[in-house]
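The values are calculated or read from the model by the stated rules, or taken from the named source; none is laboratory data. Worth saying up front: this structure is predicted, and the values here are computed from it rather than measured. Cβ sites come from the backbone with ideal geometry, for glycine too, and all protein chains shown count toward neighbours. Protein only, heavy atoms only, side chains kept; ligands, DNA and RNA dropped before computing areas. Shrake-Rupley method; radii C 1.70, N 1.55, O 1.52, S 1.80 Å.
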Amino acid sequence: MAAYSKFLTHTCYELGHTWTPSCLQASKDIAIYGLKHSFKIYAPLYIISAILRRKGFDYYLKKLMPEILQSTVFLGTNAFSFIASFCLWRKVLGGVYITSAFLPALCASFIAISLERKSRRGLLAVYISTIATEMIINMLMYRKILPPVKNAEVLLFSCVMAVYMFLFRMKDGLQGSTLSAIRFLVGSSELPQSVKEKHQPSSKKVQFNLDLHQSKSAVAKILEVCLQRVRSFPKHRLCPHQHSCLSYTLGGCVRMFASGFAIQGAIHLLGSLPVLFKRPKAIVNAIKHRDNFYCGAFLASFSGLFRGVSCLLRWLRNSDSELHALISGFIAGWSMLWYRSQSIALYSASKLLEVLYMKGIDAGHLPSFRHADTVLYAIATSLVFHAAVFEPHTLRPAYWKFLTKLTNGKFGEMNRRLLDVYGTEASKAFPDFWPVYDTRYTKLQKPIS
């Protein structure tokens, strides 16, 4: 506690914007690059999203660019207003405290999120809350307050998916994007009939079939025989799917493996675009990346296990119940062993808490807070920025990389050696870094190791 109460009299230049002695110029530098990088992030993101959601021509003509620019301004503002607030708070307080990252980030985040569309604030709040939660867990583990638990992320994901699947089987259990995501994973066969009628289009659903009768190859004939054998397996009278239980289970596996492979492959392809002209083989490497297989296996095993266990329970108990989904969802959650991700597990848990809280509000059991998403975003972002300044080694590496790109590397140029007095090992990730100062504005000298 004594270390946390220390007061530093270093200037903004000596501690924060070490590349320039001017607070105004520092904010301007971050603003210019931050807005450019934000546009590079949101332009392809919104375009791809619009294509996937099959938006009409009017959307591209009237709404696409304004939405891109609004999100660009939001993210860019969050970047440059932090350094501006940092300088302002240092001058108001007369120096630097342990809270000198949290308070500026709180102000900057409130300003930034108020510029974003209301429909996106909840999503952003859940996302940054996941980052903050992961960071807090890393802090506790780094201090040895929280012991490491083997397969903790897999166990959390399994418990969360058990609840999700239970809600999925209930009438009005899930809605909106959450319902769409679960339907994507396991299909709509397990949904209550009333929900199916509400969400399925009126047009006849196209079934995926393999027509191999015209082919004369031996492989095609073998596949045809195997397909017929699979479809000839029995189906329980209570099963809501059309074909046999085995066909239902394997069909989900095949569909989701292809989807997972394609999704992860597309992510790697987008990441290889900047070096595509220099290294054309990057496309091949992106397609062949092993993560594509693991992601496909993860989604395939999840869908297959949920479907298979659901059918098995109907056969064993000769009855159907929403409680079956608890067991099926929990077992299916262990498919994350293929594709371990603390981020996915924590995001799923955060989203589930949001769903349950909204249900509590609708039922009149929990209070509703106005602007709760804005407050949550600001507080979570402030915690993350505090860690980025005082304990960057506890942040998710991918998010730290995102912050450095957003600021053109300037976030990494803070003189964290000066912050080591707080006992957080601020310079642990940059043990040898010392800024090249202009001696006209400071007399700080690099300490002799």
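Ranked from highest to lowest mean number of other Cβ atoms within 10 Å per residue, what is the order of the peptides 387-399, 34-46, 426-438?
On the way: 387-399: 19.7, 34-46: 17.4, 426-438: 14.7.
Descending packing order for the listed peptides: 387-399, 34-46, 426-438.
Among the lysines of the range 316-449, pairs at least eight places apart or on separate chains and with Cα atoms under 17 Å apart come to 4. Judged by the ratio a/c of the largest to the smallest principal axis of the C-alpha gyration tensor, the range 315-374 counts as oblate, that ratio being 1.5 or greater while a/b is no larger than b/c. How tilted is helix 245-272 with respect to the longest principal axis of the chain? Cα atoms for both, answer in degrees (0 to 90, nearest 10). The helix 245-272 is inclined about 30 degrees to the chain. Taking the convex hull of the alpha carbon positions in the range 102-169 and averaging its projected area over all directions gives 6.8 nm².
Is the range 93-133 rounded, prolate or oblate when judged by the Cα gyration tensor, a ≥ b ≥ c being the square roots of its eigenvalues, rounded requiring a/c under 1.5 and prolate requiring a/b larger than b/c? Oblate. Highest-first packing order for the peptide set 14-24, 400-410 is 14-24, 400-410, based on the mean count of other beta carbon atoms within 10 Å.
Ordering Y339, P431, L299 by Cα displacement along the dipole of the range 295-449 toward the positive end leaves P431 in first place; charges were set at the Cβ atoms of Lys, Arg (+1) and Asp, Glu (-1). Against the chain, whose longest principal axis comes from its Cα atoms, helix 64-93 is set at around 40 degrees.
Principal-axis analysis of the Cα atoms of the chain puts helix 102-113 at an angle of about 50° to the longest axis. Separation between the K401 and D438 pseudo-spin-labels, each 7 Å from Cα along Cα→Cβ, expressed in nm? The answer from the label model is 3.4 nm. Tell me the label-point distance for the pair S341, F233, using the 7 Å Cα-to-Cβ offset, in nm and rounded to one decimal. The modelled label-to-label distance comes out at 2.8 nm.
Checking (i) 1.03; (ii) 0.96; (iii) 1.07 against the coordinates, the calculated Rg/Rh (Cα atoms, Kirkwood Rh) falls under label (i).
Express the Stokes-Einstein translational diffusion coefficient of the range 227-339 in µm² s⁻¹, to the nearest whole number, given a Kirkwood radius over alpha-carbon pairs, 25 °C and a viscosity of 0.890 mPa s. Estimated via Stokes-Einstein, D reaches 157 µm²/s. Counted by Cβ distance under 14 Å from G56, the other residues give a net charge of +4, where Lys and Arg count +1 and Asp and Glu count -1. Hull volume per residue, based on the alpha-carbon atoms of the range 311-449 and their convex hull, is 204 Å³. Qualifying trypsin sites (Lys or Arg not before Pro) in the range 235-324, where qualification requires a DSSP coil assignment and no more than 13 other C-beta atoms within 10 Å, comprise R237, K278, K281.
With a probe of 1.4 Å, find how much accessible area the chain has per residue, and write the answer as a whole number in Å².
Numbers: 24900 Å² over 449 residues.
With the other protein chains kept in place, the chain gives 55 Å² per residue.
With all protein chains in place and a 1.4 Å probe, the accessible surface of the chain carries 65 percent carbon and sulfur.
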